[in-house]
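Reading through the structure tokens given below for one structure.
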Amino acid sequence: MKKRVVIAGSRHFQDYGRFSSQVDYDLSRLKDDCQLVILSGGCSGTDAMAERYAREHGYELEVYPADWSMGRQAGPVRNQHMVALADYAIAFPSGGPGTLSLIGFAKEKGIRVVETLTGFKYIGHQIDLLAEEGYEFLMGYEESYGCLIGDFARDKDAVVAAMLIAEMAA
């Protein structure tokens, strides 16, 4: 069975190491029982990294460039189309309107998105709240590109990075 994963975010996000580590972790929870298809919006930054990631990992790739002849509505129309096709969404937002519209469409479709104030203390608090609702926490991030992966550390992404390195070495 195919599962489509839209990966979206800022055109200014260029850290492929951080991007690929996060996507590796998120997709590790999905790929055992399905064939994954990566969806990209065909722009620079996060979209370009999603395309590179799909090629490097042998995933099927579908690219949906916006039809800019439509004017300013082209991006949101494209995002809504990708979300309509998607089963999952991974977003790397920076507060820009494009990623925010995609998150909005994902919510409308029923894909769970949790937003919180900036800061790891707020993200860490959401881990407990989500667990009480029966959800498994996958990741949290903030606009400075800091992130928490999994629920084993509730502060600073350097702690999480150190734990991941230790886990890889084990």
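The values are calculated or read from the model by the stated rules, or taken from the named source; none is laboratory data. Fair warning: this is a prediction, and the values are worked out from it, not measured in the lab. Here the Cβ positions follow ideal geometry from the backbone for every residue, glycine too, while neighbour counts run over all protein chains shown. Each accessible area value is taken on the protein alone, full model and side chains, heavy atoms only, with ligands, DNA and RNA left out. Shrake-Rupley method; radii C 1.70, N 1.55, O 1.52, S 1.80 Å.
Could you tell me which residue of the stretch 1-12 is most open to solvent (accessible area, probe 1.4 Å), considering only residues that are touching a residue at least 60 places away in the same chain (Cβ under 8 Å) and out of contact with any Ser or Thr (no Cβ under 9 Å at 6 or more places or on another chain)?
R4
Could you go through the stretch 13-28 and let me know if any residue there is in contact with a Gly (Cβ under 8 Å, 6 or more places away or on another chain), crowded, with 16+ Cβ neighbours inside 10 Å and either in a loop (DSSP other than H, G, I, E, B) or at pLDDT 90 or above (or both).
yes
Among the numbered criteria (1) more than 11 Å from the chain's Cα centre (by Cα); (2) surrounded by 14 or more Cβ atoms within 10 Å (Cβ to Cβ); (3) on the phi < 0 side of the Ramachandran plot, which single criterion is violated by Q35?
Single failed check for Q35: (2).
Looking at G58, is it more than 27 Å from E167 (Cα to Cα) and among the small types (G, A, S)?
Details: more than 27 Å from E167 (Cα to Cα): no; among the small types (G, A, S): yes.
The answer is no for G58.
I'd like to check something: does the stretch 63-77 contain any residue that is touching a Lys or Arg at 6+ places or on another chain (Cβ under 7 Å), in a loop (DSSP other than H, G, I, E, B), at pLDDT 70 or above and among the hydroxyl-bearing types (S, T, Y)?
Among the residues of the stretch 63-77, at least one is touching a Lys or Arg at 6+ places or on another chain (Cβ under 7 Å), in a loop (DSSP other than H, G, I, E, B), at pLDDT 70 or above and among the hydroxyl-bearing types (S, T, Y), which makes the answer yes.
When residues of the stretch 48-67 are filtered for being open to solvent by less than 10 Å² (accessible area, probe 1.4 Å), in contact with a strand residue (DSSP E or B) (Cβ under 6 Å, 6 or more places away or on another chain) and touching a residue at least 24 places away in the same chain (Cβ under 8 Å), how many remain?
1
What is the one condition in (1) modelled with pLDDT of 75 or more; (2) assigned to a helix (DSSP H, G or I); (3) farther than 16 Å from Y25 by Cβ that A50 does not satisfy?
Against the list (1) modelled with pLDDT of 75 or more; (2) assigned to a helix (DSSP H, G or I); (3) farther than 16 Å from Y25 by Cβ, A50 comes up short only on (3).
If we scan the stretch 106-113, do we find a residue that is part of a loop (DSSP other than H, G, I, E, B) and at pLDDT 70 or above?
Taking the stretch 106-113 and keeping what is part of a loop (DSSP other than H, G, I, E, B), we get 110-113.
With at pLDDT 70 or above added as a condition, the list becomes 110-111.
Yes: the stretch 106-113 contains one or more residues that are part of a loop (DSSP other than H, G, I, E, B) and at pLDDT 70 or above.
Of all residues in the stretch 68-78, how many are open to solvent by 10 Å² or more (accessible area, probe 1.4 Å) and touching a residue at least 24 places away in the same chain (Cβ under 8 Å)?
Quick first cut of the stretch 68-78, residues open to solvent by 10 Å² or more (accessible area, probe 1.4 Å) only: 68-73, 76-78.
Next cut, touching a residue at least 24 places away in the same chain (Cβ under 8 Å) only: 76, 78.
Total meeting the criteria: 2.
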